[in-house]
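The numbers here are math on the coordinates, done by the rules we state, and not lab data. Everything quoted here is computed from the prediction, not taken from an experiment. Here Cβ is always computed from backbone atoms with ideal geometry, including for glycine, and neighbour counts include all displayed protein chains.
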Amino acid sequence: MLEIGCCYGYNLAYLESQCDFKCYGVEPSPKAVSYGKQIFKDKIEIIQGTADELRFEDEFFDVVIVGTCLYQVDRVLLEQVLKEIDRVLVRGGFLVISDFDTPVPYKVDNKHNAMTPTFKDNYGDMFLHRPFSYSLAEKRSYTFGGDFAFSTNVQERMSTQILYKEKELYYCSMEA
């Protein structure tokens with residue numbers, strides 16, 4: 001199992017205690033990585049890095065979790081990040097995306113860091129629209145800040161989507 005944007009690994013440590021998976025995390029913050037390694041020692045493996053260069057073999061993970069971090073990815077790097085996530089996930093694996101979920105893309109000021117804009121979008125759709133590769137297994141919508149009700153404010157909409165990466169590529173044929 002891989003979590004991208006794992007902070008110091010608290011989610012991974014919990015999942016590792018509940019599942020029979022070897023857990024890895026990728027996190028850009030050196031402080032978070034150092035802290036996570038200090039707390040969780042050998043329970044989970046946290047690597048400093050970013051999602052545009054995942055240092056794992058092709059189809060290495062059965063589950064990839066992307067937790068509320070795609071909104072921070074520079075749009076120049078977004079396609080590379082999506083390709084890397086797809087590359088490391090096995091066919092027949094699951095991709096879990098928790099992030100903003102807006103009907104159209106938005107670029108807004110980041111409340112916490114004026115130097116980094118926030119890009120709100122439906123990130124699950126970016127995988128679902130890849131030719132014949134992913135299917136939506138489950139989707140739960142909620143409101144930014146923890147309210148588990150649907151928000152009428154499009155800027156506050158979030159979701160967790162579980163996508164299944166198809167084992168086979170399917171192609172349709174049309175007979176004349």
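Counting charges near SER133 (Lys, Arg +1; Asp, Glu -1) among other residues having Cβ under 15 Å from its Cβ returns a value of -2. Could you give the Stokes-Einstein D for the chain in µm² per second, using the C-alpha Kirkwood radius, 4 °C, 1.567 mPa s? The calculation lands on 76 µm²/s.
A straight chain from ILE39 to ASP58 at 0.36 nm per residue would run longer than the Cα-Cα distance by 3.9 nm. If R₀ is 25 angstrom, what is the calculated FRET efficiency for the pair ALA114 and GLU156, using the beta carbon separation as r and rounding to 0.05? Using R0 = 25 Å, I get an efficiency of 0.80. Other residues lying with their Cβ under 12 Å from the Cβ of ASN11 contribute a combined charge of -3, Lys and Arg counting +1, Asp and Glu -1.
Each Lys or Arg adds one and each Asp or Glu subtracts one; over the other residues with Cβ under 12 Å from the Cβ of VAL96, this totals -1.
Pairs of Lys residues in the chain, spaced 8 or more positions apart or belonging to different chains, with C-alpha separations under 25 angstrom: 22 in total.
Projecting the Cα atoms of ASN122, LEU95, ASN153 onto the charge dipole of region 50-165 (Cβ charges, centred on the Cα centre) puts ASN153 farthest toward the positive pole. Shown here: region 17-119, whose C-alpha atoms stretch 39, 33, 24 Å along the first, second and third principal axes, sorted largest to smallest.
Evaluated with a Cβ-only charge set (Lys, Arg +1; Asp, Glu -1), region 50-165 carries a dipole of roughly 240 debye about its Cα centre, given to the nearest 20. Note on LEU136 and THR68: their simple-model spin labels are 2.2 nm apart, each label 7 Å out from Cα toward Cβ. Counted by neighbouring Cβ atoms within 10 Å, the residues ASP125, ASP20, ASP101 run from fewest to most as ASP20, ASP125, ASP101.
Just checking the listed ones, GLY145, GLY49, GLY36: in the Gaussian network model of the chain with Cα springs under 10 Å, the one fluctuating most is GLY145.
The stretch between VAL90 and ILE47, if pulled fully straight at 0.36 nm per residue, gains 13.5 nm over its current Cα-Cα span. Of GLU57, GLU27, GLU156, the residue with the greatest mean-square motion in the GNM of the chain, using alpha carbon springs below 10 Å, is GLU57. Residues in region 23-33 carry Karplus couplings, in order, of 10, 10, x, 10, 8, x, 7, x, 5, 5, 4 Hz; the curve used is 6.51 cos²θ - 1.76 cosθ + 1.60 with θ = phi - 60°, and Gly or Pro positions show x.
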